[in-house]
Amino acid sequence: MNRELKEQLARAFGLGSEDVDDLIGKLRAGTAVDVETLRRGCLALVDHVREARDARAASDQRLKIAVEASNLGLWDWDIPNNRIFVDRAFRQFLGLGDDAEIWTFQDLEQLVHPDDREPFGIAARNALKSGAPLSQVNYRLKHADGRWVWIDTYGSVTARDANGRATRMTGTHANITERKQMERALGHTAPLDHVGNGRISVKGKNRR
């Protein structure tokens, strides 16, 4: 047992470090132990779990508020089960309503502009293989009204299995259509209908 866990148990059960070893030994052997000690320790552990849960909920709420204020959409990809959680902000980018939803990678890929679909898939596969962040991946998605909106996606591998294979990716989406339109108006890029034609921007580089 590591030192940190032993200290946590000692605090929970109101015991000294050596007493924790003795208690665990008795529990494993099925020997009688002091009921009051067990009651005190179990209640302390329950309180610890509750406090950790409440802290997690508060942290999640702060993250949600910060993301909404930044006008970002969150996504979380369960790779083995091919389930991508997309939040309401992302769906609003596409005119799909306010509800969060579970998509597959194919659901998302089908909405990608035909000229961006192949490089979009390559960028995702490369990220899974190398573990490199999917940073500054720009591509067009089809809005519910038929127009194309520009999306900037950032994400990284957040979990791997025992063999090192990526099992989860998490990140954000941003709607950058207005920025692209501004670039077009200022003449810094090709016309919007042709920007990204067969290209996708990854880490500031254009790949065909």
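Descriptive notes on the structure:
- Note on segment 155-180: residues that are of a type outside the set (A, V, I, L, M) and within 18 Å of L94 (Cβ to Cβ) amount to 9.
- Conditions (1) surrounded by 11 or more Cβ atoms within 10 Å (Cβ to Cβ); (2) of a type in the set (V, I, T); (3) at pLDDT 70 or above; number of the one not met by V67: (3)
- Any chance L186 is in the same structural domain as D76 (by TED's automatic domain parsing), modelled with pLDDT under 80 and hydrophobic (A, V, I, L, M, F, W, C): no
- Flag if A166 is in contact with a Lys or Arg (Cβ under 8 Å, 6 or more places away or on another chain), on the phi < 0 side of the Ramachandran plot and modelled with pLDDT under 90: yes
- Matching residues, segment 117-126, being within 16 Å of H173 (Cα to Cα) and either among the charged types (D, E, K, R) or in contact (Cβ under 8 Å) with a residue 24 or more places away in the chain (or both): F120, A123
The values are calculated or read from the model by the stated rules, or taken from the named source; none is laboratory data. Please read all numbers here as calculations on a predicted model, not as lab measurements. Note that we place each Cβ from the backbone using ideal geometry, even for glycine, and neighbour counts take in every protein chain shown.
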